[in-house]
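A.B. asks: First the structure, then my questions, so here it is.
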Amino acid sequence: MISAIWAEDENHLIGNKGTLPWHLPEDLKHFKNLTLGKPIVMGRVTYEGMGKRALPGRQTIVLTQNKNYNPENDQVIVMQTRAEVLAYAETIDELMIIGGQRIFDLFMDVTDKVYLTIIHHQFDGDTWMSASHLSGFEQVSAVKHQKNEKNPYDFSFIEYQRLVAAN
C-alpha cells in the first residue's frame with residue numbers, strides 16, 4: 001500500500017523555502033505516529049529542508065534524478081526513479097510519501113490512502129498542493145482540534161481512501 005501524508009493551510013499551501021511555514025506540535029506527533037516503523041519517501045529539497053537527517057524509526061528514501069547525490073547519511077537510501085520506488089513498495093506493507101509537492105504529484109495516481117492535516121489559517125509560502133490531488137478519494141474520517149497553548153491554530157486530521165484501488 002502507498003500512503004501520502006501532508007499538512008496544508010486553508011489555501012493548500014504546504015511549504016515555504018523547503019520548510020513548513022508553521023509549527024504545530026500536535027501535527028508533528030500525528031505524523032510520527034503514522035509514519036513510525038514505515039519507510040518514508042521524500043524529494044531532495046524536502047530532505048535538505050529537514051537538515052539532511054533521517055527520521056528515527058523510519059527507513060528514509062530520498063528520490064532525486066541526481067545520480068551522484070550524496071545524502072551525507074548512511075541510513076538514507078537514494079533512488080532515482082519512480083519505478084525504483086514502486087518496486088521497493090511491492091516488498092513492504094505500507095510506503096509513506098511525505099513530500100514535497102513534486103513527489104506527491106509523481107505518486108498520487110498510485111496512492112491508496114491520504115492522511116491530511118488542514119491548518120485552519122492562511123500562511124505565506126511558495127509551495128501549494130493542487131486541490132485536484134484528492135479527486136478519486138473519499139473522506140473516511142475527520143477529527144477537528146481547537147488551538148491551545150502548544151498549538152496556535154485550529155486544525156483537522158482527515159483521512160481519505162481511494163475510491164477504486166490504484167494500479
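A.B. asks: So for the range 103-111 (the condition being surrounded by fewer than 20 Cβ atoms within 10 Å (Cβ to Cβ), in a loop (DSSP other than H, G, I, E, B) and hydroxyl-bearing (Ser, Thr, Tyr)), does at least one residue qualify?
C.D. replies: So far as the range 103-111 goes, no, none of its residues is surrounded by fewer than 20 Cβ atoms within 10 Å (Cβ to Cβ), in a loop (DSSP other than H, G, I, E, B) and hydroxyl-bearing (Ser, Thr, Tyr).
A.B. asks: Could you pull out the residue among Ile61, Ile92, Ile77 that is modelled with pLDDT of 95 or more, over 25 Å from Phe155 (Cα atoms) and part of a loop (DSSP other than H, G, I, E, B)?
C.D. replies: Unique residue meeting the criteria: Ile92.
A.B. asks: Kindly evaluate Lys52 against the criterion of being of a type outside the set (Ser, Thr, Tyr), over 30 Å from Gln146 (Cα atoms) and out of contact with any strand residue (DSSP E or B) (no Cβ under 6 Å at 6 or more places or on another chain).
C.D. replies: Considered against the rule, which asks whether it is of a type outside the set (Ser, Thr, Tyr), over 30 Å from Gln146 (Cα atoms) and out of contact with any strand residue (DSSP E or B) (no Cβ under 6 Å at 6 or more places or on another chain), Lys52 comes out as yes.
A.B. asks: Okay, moving on. Run down His133, His145 and say which single residue is under 27 Å from Glu48 (Cα atoms) and out of contact with any Pro (no Cβ under 9 Å at 6 or more places or on another chain).
C.D. replies: None of the other options fit; the residue is His133.
A.B. asks: Restricting to the range 10-36, give me the number of residues that are outside any helix (DSSP H, G or I) and either within 14 Å of the chain's Cα centre (by Cα) or within 17 Å of Lys113 (Cα to Cα) (or both).
C.D. replies: 8
A.B. asks: State all residues of the range 87-102 that are closer than 24 Å to His133 by Cβ and more than 16 Å from the chain's Cα centre (by Cα); if no residue qualifies, say none.
C.D. replies: Ala87, Tyr88, Glu90, Ile92, Asp93 - these are the residues of the range 87-102 that are closer than 24 Å to His133 by Cβ and more than 16 Å from the chain's Cα centre (by Cα).
A.B. asks: Take the conditions surrounded by 20 or more Cβ atoms within 10 Å (Cβ to Cβ), touching a residue at least 12 places away in the same chain (Cβ under 8 Å) and not acidic (Asp, Glu) and apply them to Gly43. Does it pass?
C.D. replies: Yes, satisfied.
A.B. asks: Given (1) crowded, with 19+ Cβ neighbours inside 10 Å; (2) touching a Leu at 6+ places or on another chain (Cβ under 8 Å); (3) in a strand (DSSP E or B), where does Ile97 come up short, assuming only one miss?
C.D. replies: Result: Ile97 passes all but (2).
A.B. asks: Do we have Val76 as closer than 18 Å to Ala4 by Cα, among the hydrophobic types (A, V, I, L, M, F, W, C) and free of Cβ contacts under 8 Å to residues at least 60 places away in the same chain here?
C.D. replies: So Val76 does not fit the description; no.
The values are calculated or read from the model by the stated rules, or taken from the named source; none is laboratory data. Keep in mind it's a predicted model, so treat the numbers as computed, not measured. No Cβ is skipped: glycine too gets one built from the backbone with ideal geometry, and neighbour counts run over all protein chains shown.
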